[in-house]
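J.: Below is the structure I would like to discuss, written out as structure tokens.
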Amino acid sequence: MEKDKGRLIDPVTGLPVELLPFEEIEKEELVVKVKMDLRKSKKVTIVEGLSYPEEEMRSLLKEMKRRLSCGGTFKDGVILLQGDHRREVKRILMERGIPEERIEVL
């Protein structure tokens, strides 16, 4: 981001950062899907639809792994957790500020 007379300028749009409502729009349109799948006969919880930066996704993954006492990974914008943790993941996401109606548990 460039500075223009003390204001931060977005490199993509060229507009001052304070005029960009992207973060609010993203949260309003965000639909997070939490589902369980079988991989090699083992249950895996899949969390997709989050539009956080990679650094924040890795932080969320670390918190989930610690709180759920399971292994997991982050790949291609999707969080994969070992085991069926759909209800617990929904609770963690709600604690992070995502409204319940924006979380689909399949």
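J.: Just add up the charged neighbours of LYS43: K/R +1, D/E -1, any other residue whose Cβ is under 12 Å from the Cβ of LYS43.
T.: Details: positive: LYS35, ARG39, LYS40, LYS42, ARG86; negative: ASP37, ASP84.
It works out to a net charge of +3.
J.: So, one more: Quick one: compute the contact order of segment 31-105, relative version, from alpha carbon pairs under 8 angstrom and 6+ residues apart, as a percent.
T.: Details: 110 pairs, mean separation 28.1, N = 75.
Taking the mean separation of contacting Cα pairs over the length of segment 31-105, I get 37 percent.
J.: If I stretch the segment between GLU55 and LYS43 completely, what's the gain in nm (0.36 nm per residue apart, minus their alpha carbon distance), one decimal?
T.: Working: separation 12, 0.36 × 12 = 4.32 nm, distance 2.60 nm.
Extra length from GLU55 to LYS43 when fully extended: 1.7 nm.
None of the figures in this text is laboratory data; all of them are computed from the coordinates on show. Keep in mind it's a predicted model, so treat the numbers as computed, not measured. No Cβ is skipped: glycine too gets one built from the backbone with ideal geometry, and neighbour counts run over all protein chains shown.
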